Amino acid sequence: MKIKNYIWDFDGTLFDTYPVMIDALQQTIVKHVIQYDGDLAYFIKKYSIRKFTLDYATPEFSDDYHDLETKLQTDVKFYPEIPAILADIVNKGGQNFVVSHRDDKTYEYLGDLAALFTEVITSDNHLARKPNPEALNYLIEKYKLDRSQTAMVGDRPLDILAGQNAGVKTILFDEAGIFFDNELKADVLIQTWENFKNED
């Protein structure tokens, strides 16, 4: 599969932010006295924290969660292989983009890596959330990307669906093996970035 342009999800794809997100979610659940006996990590990966709030909580829960997650997320780390992967894509004439549901704090977390991205889309751009393809289509049209040479890279169903809805290739990063049966029909399924190949 010849891919030149990569549209990346942020949380759980480029950066290993989920441990702190789960911690903040658990603390907020306790604070709001919510009864939930399921697997939080699985729920968040398969759906989203937004859906958890809609199904089990209130808007106040969401505000409290985001405030706490921002306070706890003090040592944001990218997956070790990511800088080299991003640089290799650029060095081979490709482009990297981010489409994240996180706000403009994304830029701060990216730090020096931001230079390896042509454009970063966050919730502050007010484009429709994934799996709606609006943000992907915006990038594709703005930069005249060839859809057959463009891939959406993410760790959740909504990322893969967004890519499919935009008519681009899809790469599912499934570190925990939650979707290992590939029921999402992603074009590529990988469990570690050590196995990522950006082929000419």
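Where a number appears in this text, it was derived from the coordinates with a stated rule and is not lab data. These numbers were taken from a predicted model, which means no experiment stands behind them. Note that we place each Cβ from the backbone using ideal geometry, even for glycine, and neighbour counts take in every protein chain shown.
Taking a threshold of 21 Å on the Cα-Cα distance, which of the pairs Lys105/Lys130; Lys2/Lys185; Lys144/Lys197 fall above it?
Working: Lys105/Lys130 18 Å; Lys2/Lys185 18 Å; Lys144/Lys197 24 Å.
Where the Cα-Cα span goes over 21 Å, the pairs concerned are Lys144/Lys197.
Taking only the Cα atoms of the range 67-152, the ratio Rg/Rh comes out at 0.98, with Rh defined as the Kirkwood radius. Loop-resident trypsin sites (Lys or Arg not before Pro) (DSSP state other than H, G, I, E or B) in the range 106-200 with no more than 15 further Cβ atoms inside 10 Å of their Cβ: Arg129, Lys144, Lys185, Lys197. Specify the longest stretch of the chain that does not include any exposed loop site, a site being one of the GluC sites (Glu not before Pro) with a non-H, G, I, E, B DSSP assignment and at most 14 other Cβ atoms within 10 Å. Segment 82-182 is the longest. Across the range 18-72, Cα-Cα pairs farther apart than 19 Å form 13% of the total.
Hey, if you put +1 on the Cβ of every Lys and Arg and -1 on every Asp and Glu Cβ in the range 18-72, which of Tyr47, Tyr65, Gln26 ends up farthest toward the positive end of that dipole? Going by the charge dipole, the pick is Tyr47.
Separation of the range 130-198 and the range 51-84, taken as the distance between their Cα centroids, equals 21 angstrom.
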